[in-house]
Protein chains: 2
Amino acid sequence: MSPEKLSTYLTARRREIEAEMSRCLVAGEGRPPALVRAMRYAVLGGGKRLRPVLALAAAEAVAGSGARRRALRAGCAIEMIHAYSLAHDDLPAMDDDDMRRGRPSLHAKYGEATAILAGDALLTDAFAIVATPSRRTAPGATLAMVKEIAVAAGSSGMVGGQLADLSSSGKARVGLAAVREIHRQKTGALLRASVRVGALAAGAEAKTLRRLTAYGQAFGLVFQITDDVLDEVGDLKRLGKPGGGDRAAGKATYPAVLGLEGARSEARRVARAGYRAIAPLGTRAAPLEALLGHVVDRAS
Amino acid sequence: MSPEKLSTYLTARRREIEAEMSRCLVAGEGRPPALVRAMRYAVLGGGKRLRPVLALAAAEAVAGSGARRRALRAGCAIEMIHAYSLAHDDLPAMDDDDMRRGRPSLHAKYGEATAILAGDALLTDAFAIVATPSRRTAPGATLAMVKEIAVAAGSSGMVGGQLADLSSSGKARVGLAAVREIHRQKTGALLRASVRVGALAAGAEAKTLRRLTAYGQAFGLVFQITDDVLDEVGDLKRLGKPGGGDRAAGKATYPAVLGLEGARSEARRVARAGYRAIAPLGTRAAPLEALLGHVVDRAS
């Protein structure tokens, strides 16, 4: 898939995703308007929508265009969880960031209490969205999607990684194994879950699910390595904030352990494993392949 | 059921609940030990365990002693959500409480960042626990339990109520309708969900579920009215903190709107509706009846 075709693909998917996320975050049903406003600010302020795109692309890789609606909703729920994690990460007691994507972060805009509660609400409502039954998906598959997301986002996944990352800050030496484990949890787990949830929504059989899981695993790792490289190189335009912050904060990063070139070559190595895993799925998996290539390229 | 029999009943149930909650919060599977320690501190520091007791008692009211295990696990998950909400409520940006149940609150003990993350992890892991499939419960019923809990805890339930409560602080006049709506969301929704989840775990038919829902609704309301009364009267021993704090903070309370005697009589009136709703279930519902009576009595 050419960069132009990928770009067209992404534009179309993102349009669907924005519309669905806006539908997921509406007033009414007793929701205080001030809470909904903060939730929408946290979620609808841009972003690449990588997680719901992965869910959709994985569902399409399994079944053509079937079961897309279910994958779309689950992907949007994951994006809400991603948004809550950024909002809580930015809090003064955590990373203390007043800016996010080139505008005030959630607590800078609405105050700390509202930012904490809006994050809590995004996380909780995400599960209400995934757990809504649908005629086209068996309850057992939907339940598996809930569990997949909860495990990826919880104490042995994303939140666990965040705490380990905080604890590692300022430590003199962090080895590659520790860096990899922290990032596997902090970022990789939810990206991998995005792919798996799309596959589950589409009713993937065990073998296909295994292939897509291997792809999701590789994707998460490549994403984190290249994110670290971008942070090191510093790319105000792409990240919306000055570079080098993580390294300056003494956090565990790939370039800190492997060097800049070593990190880039590690990203390419892991990506190749991802391509191999989905090769047998043929052209239906072309968007997944192109997405992974796109992530590798951003650091080169 | 006599107070002595209720006391014996509660002791036995709480023993099961403590054991199950301890099993739900274990190290391993990549969980950072510091995170697990904070999560255990937040959950295992005492408390009446009202929510899991309600889930168990509701399941027993439906089916004798069947399906108890499922109700127990779901009840413990709700208790984890309750514990997370207290931990986030106590944060400096929220109620700023350094004490909880007669000992340091979570952030006073482990710091703010850990308290935020441990709360996030408790909320997320609760859904992983509820969404775990079991042979004895249909996936559809388990999915309904997930949805029930997510809706009760999210933006139109508990978190919504917390934000509305914060917004109402210091407002000159809050009417009874507003007080009732805030409390229905903030405390009532999760108590009602505890009862409903127990009923769903036991496979209650529609009519029984409606009866138990009405009971759960009444229970939540009576709980909040009597909580307000206790806060007003001030009962250091029972609440573990000095009384009158909510009224002093200008929060919407029942005694502030109805007066002390008016609030007590309102609690008795609502409780009678709760008794009536479960009367047709007979002796199997005796623990539920006694629990509600116990909550009414604590304010008299």
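Averaged over peptide A:161-168, the number of partner chain Cβ atoms lying within 10 Å of each residue's Cβ comes to 5. Take B:GLU261, move 7 Å from Cα toward the beta carbon, and the resulting point lies 8.8 nm from the same point in each other copy, nearest first. Across all directions of projection, what mean area in square nanometres is found for the Cα convex hull of the protein assembly as shown? Result: a mean projected hull area of 25.4 nm². The simple spin-label model puts a point 7 Å past each Cα toward its Cβ; for B:ASP96 and A:GLU261 those points are separated by 5.5 nm.
Summary for B:ALA27: label point 7 Å along Cα→Cβ; distances to the equivalent points in the other copies, ascending, 5.0 nm.
Distances between copies of B:ALA178, taken at a point 7 Å out from Cα along the Cα→Cβ vector and listed shortest first: 5.2 nm. Partner shielding of A:180-191 amounts to 1, given as the average count of beta-carbon atoms from other chains within 10 Å of each residue beta-carbon. Largest GNM mean-square fluctuation across B:GLY216, B:GLY102, B:GLY28, computed for chain B with C-alpha springs under 10 Å, falls on B:GLY28. Within 10 Å of the Cβ of each residue in A:138-149, the mean number of Cβ atoms contributed by other protein chains is 5. Quick check for you: which residues of the stretch B:23-53 have the amide N under 15 Å from the point 7 Å beyond the Cα of A:ALA177 toward its beta carbon? Of the residues in the stretch B:23-53, B:30 have backbone N under 15 Å from the label point off A:ALA177. Ranking B:ALA279, A:LEU191, A:GLN224 by Cα position along the charge dipole of the protein assembly as shown, where only Lys, Arg, Asp and Glu carry charges on their C-beta atoms, puts B:ALA279 farthest toward the positive end. Summing Cβ point charges (Lys, Arg +1; Asp, Glu -1) relative to the Cα centre of chain A gives a dipole of roughly 1040 debye. Taken over the stretch B:3-297, the ratio of Cα radius of gyration to 2.2 N^0.38 Å equals 0.96. Structural descriptor for chain B: relative contact order 20 percent, calculated from alpha carbon pairs under 8 angstrom and at least 6 residues apart.
Values in this text are rule-based calculations from the coordinates and carry no lab data. Predicted model, so just to flag it, every value in this text is computed and none were measured. No Cβ is skipped: glycine too gets one built from the backbone with ideal geometry, and neighbour counts run over all protein chains shown.
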